[in-house]
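Colleague: Structure provided below as structure tokens; questions to follow.
Please treat every number below as a calculation from the coordinates, not as lab data. Just so it is clear, the structure is predicted and the values come from calculations on it, not from any experiment. As a convention, Cβ positions derive from the backbone with ideal geometry for all residues, glycine included, and neighbour counts pool all protein chains shown.
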Amino acid sequence: MKPLLFLLPAIAAVLVVPAVVDASHLNTVILVLMAAQLGVSWNLVGGYAGQVSLGHAAFYGLGAYTSTVLLINFGLNPWLGVLAGGVVAVLLSLAFGWSCFRLKGHYFAMATIAVAELVQIFFTEWEYGGAAVGLYVPMDKQGWLWMNFATKLPYYWLALGLLLLTLAANWWIERSYLGYYFRAIKDEPDAARSIGINIARYKQVALSVSAFFTALGGSLYAQKELYIDPNSVLSTALSVKMALVAILGGVGTLFGPVVGAVILTSIEEFSRILFGGSGRGTDVIIYASLIIGVAVFYPTGILGWWTARKERRAARADASRQMAAHAASASKEAA
């Protein structure tokens, strides 16, 4: 599936959404866009480079806290705060990578969880950052200049713009030498090392770019929800969800995380509506079952399953045409 053939109809569809949905459903669409952006960000390191991180909430939380603390205590414009959050996340990723890239496989994943837990503990105890109580984003200044709005529609455009920006970065990386290096490191690390690729360096590049965009998503979350605390932006469950979005949709593909975000967020919202408080955790049970099914039967994810299905149909059609042509040729010779 060529990216542009998928992207153009998708852009046309999302441009129409604000005109056809009410405020409550628009909020659900915003959540889908934000989840997709996080999945696409995680996919850079977890999909292309094959380094399964379960601690990405650390970068998300850093983005949220950096922009919010700078706004509350120093009056820094949120647009600058968003960029500052991305830079701080990149700095953390350097320490993150230095400590975790020495490990492989499930040991690496476990180490990322440990680092993220340390970051969560720090913010839970940090009085200047609100500690366990959290922080409220001030609403005294509103409008695009301060990224603060009374309605949901502007957040829709912000979430859409950030998703498109992250997709564009992934698309460029996928087709640049970085994308080839990342895939070589993921599939054949020994071969990559033998041809002179500095594996540790390019793993770090993948992690830093992924951390930057994840932090941007965290800053947008803070501006949208107007409140953050360690549990909402630094939980391990959030890290796991970022990975699940990409894995379910199709890890290592450009639009796989977008497909996964649509499915997982829809399951979360509909289970919340159907079961309310009595059904807490139902969404987790459902999409965990989906992940198990995908992992067992279609490891390439839903997008990979769809692509394989199209290829099988095309192969069957081609075989049918060849058989028909052979039958016609045999009939002609017999006549």
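Colleague: Can you tell me, using C-alpha contacts under 8 Å and at least 6 residues apart, the relative contact order of the chain as a whole percent?
Modeller: Numbers: 472 pairs, mean separation 100.6, N = 335.
Rounded, it is 30 percent for the chain.
Colleague: Moving on to the next point. Please give the charge dipole size of the chain, origin at the Cα centre, charges +1 on K and R Cβ atoms and -1 on D and E Cβ atoms. Round to the nearest 20 debye.
Modeller: It works out to roughly 1020 debye.
Colleague: So, R0 is 56 Å and r is the distance between the beta-carbons of ALA327 and VAL16; what FRET efficiency does that work out to, to 0.05?
Modeller: On the way: r = 48 Å, r/R0 = 0.85.
Step by step, r from the Cβ atoms, then E = 0.70.
Colleague: Here's something else I'd like to know. Using θ = phi - 60° and the Karplus form 6.51 cos²θ - 1.76 cosθ + 1.60, what ³J(HN,Hα) does each residue of segment 236-241 get, whole Hz, x for Gly and Pro?
Modeller: Each residue's phi maps through the Karplus curve to give 5, 4, 5, 4, 5, 5 Hz.
Colleague: Could I ask something else about it? List every residue whose amide H lies under 5 Å from the amide H of ASN148, counting only residues 5 or more places away in sequence or on a different chain, with H placed 1.01 Å from N in the peptide plane.
Modeller: For ASN148, the qualifying residues are GLY143.
Colleague: Moving on. Need one number: nm distance between label points at LEU94 and ASN77, each 7 Å from Cα along Cα→Cβ, rounded to one decimal.
Modeller: 2.7 nm
Colleague: Something else about it: Report the equivalent ellipsoid semi-axes for segment 166-325 in whole Å, largest first, defined as the square roots of five times the eigenvalues of the gyration tensor built from alpha carbon atoms. Please report the intermediate quantities before stating the final value.
Modeller: Working: eigenvalues 205, 149, 38 Å².
Value: 32, 27, 14 Å, ordered largest first.
Colleague: Collect residues whose amide H, placed 1.01 Å from N in the peptide plane, falls under 5 Å from the amide H of TYR227; neighbours closer than 5 in sequence don't count.
Modeller: Those qualifying (amide H under 5 Å, at least 5 residues apart or on another chain) are VAL137.
Colleague: Work out how much length TRP306 to ALA237 would gain on full extension: take 0.36 nm times their residue separation and subtract the Cα-Cα distance, in nm to one decimal.
Modeller: Stretched fully, the TRP306-ALA237 segment lengthens by 22.0 nm.
Colleague: Can I ask one more? Could you tell me the ratio Rg/Rh of the chain? Both radii from Cα atoms, Rh via Kirkwood. Write out the running numbers ahead of the final one.
Modeller: Details: Rg = 22.4 Å, Rh = 21.3 Å.
Over the Cα atoms of the chain, Rg/Rh equals 1.05.
Colleague: For a test of the definition: using alpha carbon positions, the gyration tensor, and the 1.5 limit on a/c, classify segment 95-233 as rounded, prolate or oblate.
Modeller: oblate
Colleague: Grab the chain and count how many Lys pairs have their alpha-carbon atoms under 13 Å apart, sequence gap of 8 or more, or different chains.
Modeller: Counting lysine pairs in the chain gives 4.
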